[in-house]
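Quick note: the coordinates plus some simple rules give every number you see, no bench work behind them. The structure displayed is predicted, hence computed values, not measured ones. In this analysis, Cβ positions are derived from the backbone assuming ideal geometry, glycine residues included, and neighbour counts consider all displayed protein chains.
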Amino acid sequence: MMDNFHKYLDFDAKEEGWGFTVTNCGYAKVSSRQAYPPERQHPKEYLLSWDKGRVLNSYQLIYIAHGKGIFMSEHVEQTEVSGGQAFLLSPGVWHRYRPNFQVGWEEYWMGFQGYYADELVKRAILDPTQPIWKVGNDEMLVNLYKTLLDAVKTTPVGYKLLLPGMALQVINWASSKNKQEPLSNDKNTQIIETAKFLIREGLEGNIPMTQLADKLNVSYSWFRRTFKEYTGVSPAQYHLHLRLEKAKTLLSSTFLNISEISRSLGFESVFHFSRLFRNKTGIPPKDYRQQHNPFQNRN
């Protein structure tokens, strides 16, 4: 599982002139009975107090992956929010939110500002008066948030040029999911889509598929058979494929060495990672980096 992380970004006049800048991003898993916000290392203007609420000078889009809590703003009475929902915070709009003390939640967020962000409000893509979005347990949205967080964590060459595009992908995808009807009411489809979401979210660690089946309240034999019918591969192979695809991205765009990449993706050893990578791609990680990373060949 991911470690809690947040980053507040500086930008210069040239970057501000692009019309859309990412100001901050992060992930937090807040356990039950844990104080919220869980950390205090935030700039003063971002500190959140339940008693006083908060007003920001920029936008934030917060996605709740698991758990539940409450949200309210000057446009919305206090209401429960839960896993699969997102909420938009807009500049100048008072708000407050927190996870349920007995349950906790997992949250992904990003902040942004600029005249193009204001243009999205004018086009009604963002609506400060309708801040709560019903997105669902969406595998793609988690992946988009993680891609943005990875870019901020690893700072590949020119990463600040990439962040606005990544953030707009998050907004566009979440907005489209909020506006569309569910793709299927079929129970089996919903179980498999939830499984894919949970596998994607737990990308950085080992996921016992028997435990995942238990979490979904189905037998492992049914889960494995049905998952393969829907995706063409077993749950374990699907998880491995996602981890190796993530490894390709890290090898080609970051300064992390191969041991760090192996460890960050939860492989039991760098030898095990290298063997699996070579079996699936035909070349070892070192050679893949030399072919796909033009900036450096650090091992």
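Below are the figures for this structure:
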| read-out | value |
| --- | --- |
| Max mean-square fluctuation residue, GNM over the chain, Cα-Cα springs under 10 Å, options Q85, Q60, Q190 | Q190 |
| Net dipole in debye of the chain [+1 Lys, Arg Cβ; -1 Asp, Glu Cβ; about Cα centre; nearest 20] | 860 |
| Prolate/oblate/rounded label for the range 97-166 (Cα gyration tensor, a/c 1.5) | oblate |
| The chain: relative contact order as a whole-number percent, Cα under 8 Å and 6+ apart | 15 |
| Cα centroid separation, the range 1-78 to the range 102-157 (Å) | 11 |
| Positive-end extreme of charge dipole, the chain - chosen from M2, H75, L250 (charges on Cβ) | L250 |
| Once the Cα gyration tensor of the chain is diagonalised, semi-axes √(5λ) in Å | 32, 26, 18 |
| FRET E, pair N4, Q130, Förster distance 30 Å, beta-carbon r, rounded to 0.05 | 0.55 |
| Lysines with Cα under 26 Å of K215, excluding same-chain neighbours fewer than 8 positions away | K29, K68, K134, K146, K177, K187, K196, K228, K246 |
| Length gained when the stretch H292-A13 is fully extended (0.36 nm per residue, less Cα-Cα span) | 97.2 nm |
| Among F101, F271, F71, residue whose mean-square fluctuation peaks in a GNM of the chain (springs only between Cα atoms under 10 Å) | F271 |
| P(r) of the range 24-162 over all Cα-Cα pairs, binned every 5 Å from zero, in whole percent | 2, 9, 18, 23, 23, 16, 7, 2, 0 |
| Top of D118, D138, D12 by mean-square fluctuation, Gaussian network on the chain, Cα under 10 Å | D12 |
| Alpha carbon convex hull of the range 85-210, volume per residue in cubic angstrom | 151 |
| Top positive-direction residue, dipole computed over the range 147-255 with Cβ charges, set G158, L148, I191 | G158 |
| Length gained when the stretch D51-V121 is fully extended (0.36 nm per residue, less Cα-Cα span) | 22.4 nm |
| Dipole-positive endmost among T281, V233, G266 within the range 192-299 (Cβ charges, Cα centre) | T281 |
| Size of charge dipole - the range 5-179 - debye, nearest 20, with Cβ of Lys, Arg +1 and Asp, Glu -1, no other charges | 300 |
